[in-house]
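Heads up, the thing below is written out as structure tokens.
Derivation of every value follows stated rules applied to the coordinates shown; laboratory data play no part. Note that the structure is predicted; figures quoted are calculated from it, not measured. No Cβ is skipped: glycine too gets one built from the backbone with ideal geometry, and neighbour counts run over all protein chains shown.
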Amino acid sequence: MKVQGKIIIVTGGADGIGAALCRRFAREGAAHVAVVDLNAEGAAKVAAEIGGSSFGVDVSDPAAVEAMVRAVEAAHGRIDLFCQNAGVGGGEPDPDNAASAPDAVWNRAWGVNVMAHVYGARAALPGMIARGEGYILNTVSAAGLLSQIGSAVYSTTKHAAIGFAESLAIAQGDLGIKVSVLCPQGVDTAMLRAGGGQEQPQNLDGVLSPDDVAEAVVKGLEAESFLILPHEIVRTYMQRKTADYDRWLGGMRRLRSKVLGRA
């Protein structure tokens, strides 16, 4: 898919990767970009910059997602590309207990990192299927393919997001619907800075800018690749994981000890 002339929705579009995607899609000649974020003011600012529209939406609210999708379809006739980019983190209060995060943290992450993808697909797919074409890009994380030291919440929900995207690709692939997952490691966003910056293990292979990620997305969409990996080393890590799971787990334990200063 080339972005030029396309009607696009980007959730989590007020800052970080989402805002970079909105700006890059506009530069690529998208016909319209709808900027969606819980931060309505931030979404409106990005939309004004690129000549798009904006929606203040909690993507974990299915009714709100449905209403937003219907509004974009009513205004522009279709949705060509739905970038479900919104995401939240959440670490363990007790680093030695992977189950220590409270239910509220789990539930919020499940709602935004997983169910929002379900709600978005549920709303957008009927129109795409009727036309026999469309594209869904779900921002996940390398944590969904590998893991995230210090956040079972993030790892688990991102693994689930990969599983749902795979199901979409399998079920919709013969109906003309393309599906990709964006799985970066460290990216210079507010989420990264809130978690300690360069010291996080996901940043050991280098921290990319949101613009770097947007560049990888444009190339990945053109290739229609299921996996879009801004950090290509992730593919090697996946191969090592599947080649010898126990050895990979041992390596992750050693990395965890190093990160916690126990090595």
Legend entry - Cβ-based exposure ranking for T236, T157, in which fewest neighbours within 10 Å come first: T236, T157
Inset, instruction - Pick out which of S141, S54, S151 has the largest mean-square fluctuation in a Gaussian network model of the chain, springs linking Cα atoms closer than 10 Å. - result: S151
Inset, instruction - Could you name the aspartates and glutamates whose alpha carbon sits less than 19 Å from that of K45, not counting residues in the same chain fewer than 8 places away? - result: D15, D37, D58, D211
Inset, instruction - Let me know the shape class of segment 7-259, please: from the alpha-carbon gyration tensor, a ≥ b ≥ c as square roots of the eigenvalues, rounded when a/c is under 1.5, otherwise prolate if a/b is greater than b/c, or oblate. - result: prolate
Inset, instruction - Counting other Cβ atoms within 10 Å, keep those with at most 11, restrict to DSSP loop, and tell me which trypsin sites (Lys or Arg not before Pro) in segment 1-106 are left. - result: K2
Inset, instruction - Using the Karplus curve 6.51 cos²θ - 1.76 cosθ + 1.60 with θ = phi - 60°, work out ³J(HN,Hα) for each residue of segment 81-87 in order, rounded to whole Hz, and write x for Gly and Pro. - result: 9, 10, 9, 8, 9, 4, x
Legend entry - Charge sum, other residues only, whose C-beta stays under 12 Å from G250's C-beta, Lys/Arg counted +1 and Asp/Glu -1: +4
Inset, instruction - Could you list which residues have their amide H under 5 Å from that of G134, counting only those 5 or more apart in sequence or on another chain, with H placed in the peptide plane? - result: K178
Inset, instruction - Can you put D37, D80, D174, D211 in order of Cβ neighbours within 10 angstrom, beginning with the fewest? - result: D174, D211, D80, D37
Legend entry - Neighbour-limited loop hits for chymotrypsin sites (Phe, Trp or Tyr not before Pro), segment 21-93 (at most 14 other Cβ within 10 Å; DSSP other than H, G, I, E, B): none
Legend entry - Whole-Hz couplings from phi, Karplus 6.51/-1.76/1.60, listed for segment 22-33; x for Gly and Pro: 4, 5, 5, 4, 4, 5, 7, x, 4, 5, 7, 10
Inset, instruction - Return L125, L21 ranked ascending by Cβ neighbour count within 10 Å, so the fewest neighbours appear first. - result: L125, L21
Inset, instruction - Please give the net charge around V33, taking every other residue with its beta carbon less than 13 angstrom from that of V33, where Lys and Arg add +1 and Asp and Glu add -1. - result: 0
Legend entry - 5 angstrom amide H check on L227, placed H, neighbours 5+ away: V181
Legend entry - Label point distance in nm, L260-R27, each placed 7 Å from Cα along Cα→Cβ: 4.2
